[in-house]
Amino acid sequence: MRPTRDVGIVGWGTYIPKFRIKCSEIGKTWGFPPEYHSGLIVLEKTVANMDEDTITMGWEAAKSALVRAKINPEEVEAIYVGTESKPYAVKPSITVIAEALGITPKILGADLEFACRAASEALEASIGLISSGMIKYSLVIGSDTAQASPGDVLEFTASSGAAAFVLGPRGENTVAYFEGSYSYITDTPDFWRRQLASYPMHGEQFTGDPAYFAHIVAAAKGLMEELGLKPSDFDYAVFHQPNGRFPLKVGAKLGFPKEKILPGLITPMIGNTYNGSALIGLCAILETAKPGQRILLVPFGSGAGADAYSIIVEDGIEEKVHLAPTVKELVENKIYINYTHYAKFRGLISKFSF
Amino acid sequence: MVRVYVVGVGLTKIGRFFNKGLRELFAEAALKALDEIGNETVQALVVGNMTSSSLGEQDNLGALLADYAGLGKIPAFKVEAACGSGGVAVYTGYFLVASGMFDVVMVGGVEKQTEYPTRIVSKALAQAADAEYELFHGISFTGLNALVMRMYMNEYNVSRDEMSIWPVLMHKNAVKNPYAQLRFEVTKEQVAKSMVIADPIRLLDSSPIGDGASALILASDRVAKKLTDTPVEIAGIGMATDHIYVAYRKNLLSFEATILAAKKAYEMAKIEPKNVDVAEVHDAFTVLGFMNLEDLGFSERGKTPKLMNEGRFWPGDKPTVNPSGGLKARGHPVGATGVYQIAEVAMQLRGDFPGVNVGGDIGLAQSIGGLGTTVTVIILKR
Amino acid sequence: MSMKISVPRVWREIKAHYLLEATVCNKCGKIHYPPRPICDNCGNKNLFRRKLSGEGEVLTYTIQYIVLEGYREYAPIVFAIVRLKEGIKILAQLTDVEPENVKMGMRVKAVLRKICEDGKIGLIKYGIKFKPV
């Protein structure tokens, strides 16, 4: 898909909580064989503080994105949060974030859900809104405090984090633009959470070939065919990263060498931030890419669907990198906690309230 | 204006009285006070209380207590200024008599703080702060005071050990006071090692939670001598308020409301701080005790802990501070405390205070609501 | 089901709590936080609104172990009076810092965080806390 007018990224931002728990600590707690998690290629994951949630993390990533965008925040006319860990089942997260950014009331937006690709869906919607001329700037946030059942293999990777982007018409203040995109969606129940369930269910091995791999491969191939591109035309490839292994495997399937994938592979150090996953990887790449380079971005969401984007980096990106915390700085700012504190922060145990 | 005298007092012991409610406690104190004036008719009742509504589901407290104490269908109302309600009740009662409209007025103070576990009582007490901008964040009243204690110790270079002298003196004085809640001595080590509530405030830095009631009979000069041989005059009275949001104030190490209220009281009584023989000041927490003495003009800024460690303000000194044991050890049934203080100072000047008795001609009582938000200073003369 | 957090109270204070919106006197320039209807310095009723910077340093702090009903999971809570670079002082919690690492004079900045929740089904109250820079 190509819009009639090009749309680009004006600013980007990330928020990564500073508390971390090692996978070995989780494994020990539940009696997993030692190094069970090493096959996942994830060392440790982030844990949101007790007073953090999707809204507070999304706000902080959005603040960084606005700082890099260098626009008057009040010029933002749309705001989306893609998440599967909304603080309220019914009550939007975007309203609290928008008030806390001072960008209400003349604004449109909503919270979107499609597992880990909801924020990506918001990117697509924003491209449409901007290129049609309906609005000038849109703020897209992917934020999650991912849940996992204690003792389930998912607990090794389900983590917390957020990424945010200010999108606008391609022009003198964009640092990268979308060359094209391609979406691929089917009803594939690989991972779900019923409304009142605390934790998700998943199909274990089923989440692989029929879900993650099938959709990412289809979307990426569809995009490359439409744009007439090959893997060698891309300098980087960022995929949804539920662990450290899948992105390398799907990259190989598509013909991308691991050197193009590693710069955007952040999950080994922070876990799977769900809606933050591929997008935090994209932020990491924007912080090292050079003008003219081409990035393949393919978020995936269970249920299932994937979107593939081709993004071309423009001039001016390097000046914006250090205006706000970088992914590297946020990854390195960490404090380890043990399982007891993790359980307290994640609400697995709570003080009995009389 | 008419001159106003304290002609009778009544106090209950302070403690945890699960078997007595607001009305029982108040009646106990009121009947004792009425006894002292030969059960003469009281024409109005002012009651100081903070938590009857939040913890006792009881409003309309004035009418309830006037009825229970057998005072008849007289004008009766509650006044509230958080933990300074008692002082404000005395302030109000004074003007009822001074206006010439009433000859005999009862001023009472009563508080029940033991109806619920501490964490619920703490929330009610925290309402002394700014609800939308301080309580909103979850800070307790102790937390607010702790912010000041840290600043005080840091600014004036006072050690934990030096600060601990205050509770030591208070407890020593309270041992002899039959009305006091905590009648045991403590050492500096015990104070410094007691449980942290809000760092740096420890358990033994804080006034205890307790129930109590006290009552005064105020009379005009026209009838005072008929009711008692030992009337004590309210010679000076002052009250002031300050920004409730503590961070908005310029100086956090001094209560401007104390300084303003004291100025009015000293001027009216035509005295200076050095003339005061005995003072009951509002030491809800250790740091406040020291700050109050500085604001009242008894000592130099930041020097009070050192002075007290050297023996100043102990019984026999001028002024003797808190011979009752103060809020720390006599106790602090919040809304009643200000009334207790006047009763105690009156008894000191009458010569019949049943604890540490220092006598004298001029006494002062200071009552504070919130963190220096509402302050009354009252001066009594024999 | 009892409601511990008042809906209108939380709603009408949003700008003051999310954005640190203060009033400023356009006659004498005094900044007031919390916002107020009349300048307490010069009596001027013509005040305009301004968002404070959120950047400042810790003037004093306390580590509160005995916490109030509704905040019990968060113990111990660090409260501080922060002096913002505009000169005005704000009371708020500090977050993302170990109590033993808090120092007077520490540089901090304002972040949006959860203040408390009314159980599992009541409102979530958001506001500003400060974290070390």
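Number of residues in the range A:52-95 that are farther than 22 Å from A:ALA146 by Cα and not in a helix (DSSP H, G or I): the value is 6. Looking only at residues that are crowded, with 22+ Cβ neighbours inside 10 Å and either more than 7 Å from every other protein chain (Cβ to nearest Cβ) or in contact (Cβ under 8 Å) with a residue 60 or more places away in the chain (or both) in the range C:79-93, which one is nearest to B:LEU144 (Cα to Cα)? Looking at residues that are crowded, with 22+ Cβ neighbours inside 10 Å and either more than 7 Å from every other protein chain (Cβ to nearest Cβ) or in contact (Cβ under 8 Å) with a residue 60 or more places away in the chain (or both), I get C:ALA80. Annotation: of all residues in the range B:9-22 being over 18 Å from the mean Cα position of the chain (by Cα) and not hydrophobic (A, V, I, L, M, F, W, C), the one that is surrounded by the fewest Cβ atoms within 10 Å (Cβ to Cβ) is B:ASN19.
Set side by side, the residues B:VAL105, B:VAL121, B:VAL158 differ, and just one is crowded, with 23+ Cβ neighbours inside 10 Å and aliphatic (A, V, I, L, M), which is B:VAL105. For the range B:277-320, what are the residues that are in a helix (DSSP H, G or I), touching a residue at least 40 places away in the same chain (Cβ under 8 Å) and of a type in the set (S, T, N, Q)? Within the range B:277-320, B:THR286, B:ASN292, B:ASN309 meet the criteria.
Residues that are under 19 Å from the mean Cα position of the chain (by Cα) and within 30 Å of A:ILE349 (Cβ to Cβ) are absent from the range A:169-178 altogether. If you check C:GLY70 against the conditions, is it at the interface with chain B (Cβ under 9 Å from one of its Cβ atoms), part of a loop (DSSP other than H, G, I, E, B), farther than 22 Å from B:LEU252 by Cβ and not acidic (Asp, Glu)? In short, yes.
For A:ALA237, state whether it is surrounded by 19 or more Cβ atoms within 10 Å (Cβ to Cβ) and either among the aromatic types (Phe, Trp, Tyr) or more than 22 Å from A:MET269 (Cβ to Cβ) (or both). For A:ALA237, the condition - surrounded by 19 or more Cβ atoms within 10 Å (Cβ to Cβ) and either among the aromatic types (Phe, Trp, Tyr) or more than 22 Å from A:MET269 (Cβ to Cβ) (or both) - is not met.
Taken residue by residue, the range C:21-36 has no member that is in contact with a helix residue (DSSP H, G or I) (Cβ under 7 Å, 6 or more places away or on another chain), part of a helix (DSSP H, G or I), within 14 Å of chain A (Cβ to nearest Cβ) and at pLDDT 95 or above.
With over 30 Å from B:ALA126 (Cβ atoms) and modelled with pLDDT of 95 or more as the only criterion, which of B:GLN58, B:GLN43 stands out? Show your work before the answer.
On the way: B:GLN58 fails: over 30 Å from B:ALA126 (Cβ atoms).
Answer to the selection: B:GLN43.
Applying a threshold of 6 Å to beta carbon distances and a minimum spacing of six or more residues, or different chains, the list of pairs starting in the range C:17-44 at a residue that is free of Cβ contacts under 8 Å to residues at least 12 places away in the same chain and ending at one that is loosely packed, with under 12 Cβ neighbours inside 10 Å reads C:ILE38/C:LYS45. Within the range C:93-126, the residues that satisfy the criterion of being under 17 Å from A:PRO92 (Cα atoms) and part of a strand (DSSP E or B) are C:LEU112, C:ARG113, C:LYS114, C:GLU117, C:ILE124, C:LYS125, C:TYR126. Across the range C:37-57, which residue is nearest to the other protein chains (Cβ to nearest Cβ) among those that are hydrophobic (A, V, I, L, M, F, W, C) and out of contact with any strand residue (DSSP E or B) (no Cβ under 6 Å at 6 or more places or on another chain)? Across the range C:37-57, the extreme among qualifying residues is C:ILE38. Filtered by the rule that a residue be under 20 Å from C:ILE63 (Cα atoms) and touching a strand residue (DSSP E or B) at 6+ places or on another chain (Cβ under 8 Å), the range B:98-127 gives a lone residue, B:LEU125. Of the listed requirements (1) of a type in the set (A, V, I, L, M, F, W, C); (2) surrounded by fewer than 19 Cβ atoms within 10 Å (Cβ to Cβ); (3) assigned to a loop (DSSP other than H, G, I, E, B), A:ILE185 misses just one: (3). Mind listing whichever residues of the range A:38-88 are touching a residue at least 12 places away in the same chain (Cβ under 8 Å), of a type in the set (Ser, Thr, Tyr) and within 14 Å of chain C (Cβ to nearest Cβ)? If the condition is that a residue be touching a residue at least 12 places away in the same chain (Cβ under 8 Å), of a type in the set (Ser, Thr, Tyr) and within 14 Å of chain C (Cβ to nearest Cβ), then A:THR46, A:THR54, A:SER64, A:SER85 are the ones that fit. Selection of first residues in the range A:268-281 that are surrounded by fewer than 24 Cβ atoms within 10 Å (Cβ to Cβ) and of second residues that are assigned to a helix (DSSP H, G or I), restricted to Cβ pairs under 8 Å at least 6 apart or on distinct chains, gives the following pairs, ordered by first then second residue: A:MET269/A:VAL331. How many of the residues making up the range C:99-110 are within 8 Å of another protein chain (Cβ to nearest Cβ) and without any contact (Cβ under 8 Å) to a residue 40 or more places away in the chain? Qualifying residue count for the region: 1.
The values are calculated or read from the model by the stated rules, or taken from the named source; none is laboratory data. Nothing here was measured: the structure is a model prediction, and the numbers come from that model. FYI the Cβ positions are ideal-geometry reconstructions off the backbone, even for glycines, and counts take in every protein chain you see.
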